[in-house]
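Undergrad: One structure, pasted below without further comment.
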Amino acid sequence: MTTSDEADRAYTEHLQADIEQHTAAIRESLEAHERVIGRKVRQLREDHGWSQTDLSERLARLGLDIHQTTVAKMESGRRPLRVSEAVAVATAFGLPAGALLWLPLTNEPASLSELREEMMDLESHLEATRKMMVDTLSTYAQSYAEFSASLHMKAKLLADASAAREKAQRDMALAKQEFEQAQARKHAADSQDED
């Protein structure tokens, strides 16, 4: 084996080790999110004064049968929440589906009531933005329709003008031909009269 092959193999092994280390770090980051979401579930449950059994029963009323021990595992981060479970948990607490992702923990600066107010402001802003976008799209659609109709009308006028021009050119060519024929007949008649 050449020195170049050895260097390539060493580089490939080093690169593979870096990839594995990076993958492990990403996996740890994702698992950390699961633990944080579990802590948020526990925080919400405790803020509401509910036991794990209370939360389990409320989830069952929403159609999600989760035992108290499963709630305990989710809160500790030993069992990740499925999407349907996260939506049901947020619903049980009267929050939107994505709340578990952006909800601050107790040791974070925003309180739950401030967060709810901010969320309501954001939802209001989102609705106003949606309405503005719908209005803007409606205006653009109307402008596009008017522009399209105007363009269609101008294209028709241009086609009509082009057809009229072609007809006029044909008529002029025919008139010129008739004039030349008349001149030729007159010239022939004048030539006969001279003879």
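Read-outs throughout are calculated quantities, based only on the coordinates presented, and are distinct from any laboratory measurement. Since this is a predicted model, take the numbers as computed values, not measurements.
Undergrad: Defining a contact as two alpha carbons under 8 Å apart and six or more residues distant in sequence, what relative contact order in percent does the chain show?
TA: Worked out over the chain, it gives 14 percent.
Undergrad: What's the center-to-center distance, using Cα atoms, between region 24-72 and region 152-171 in Å?
TA: 75
Undergrad: Additional query: For the chain, what does the helix formula give at 222 nm: sum of -39500 (n - 2.57) over DSSP H segments with n ≥ 4, over the residue count, nearest 500 deg cm²/dmol?
TA: -29500 deg cm²/dmol
Undergrad: Students often get this wrong, so try it: which of (i) 115; (ii) 383; (iii) 129 is volume of the Cα convex hull per residue in Å³ as calculated from the structure shown?
TA: Here volume of the Cα convex hull per residue in Å³ agrees with entry (ii).
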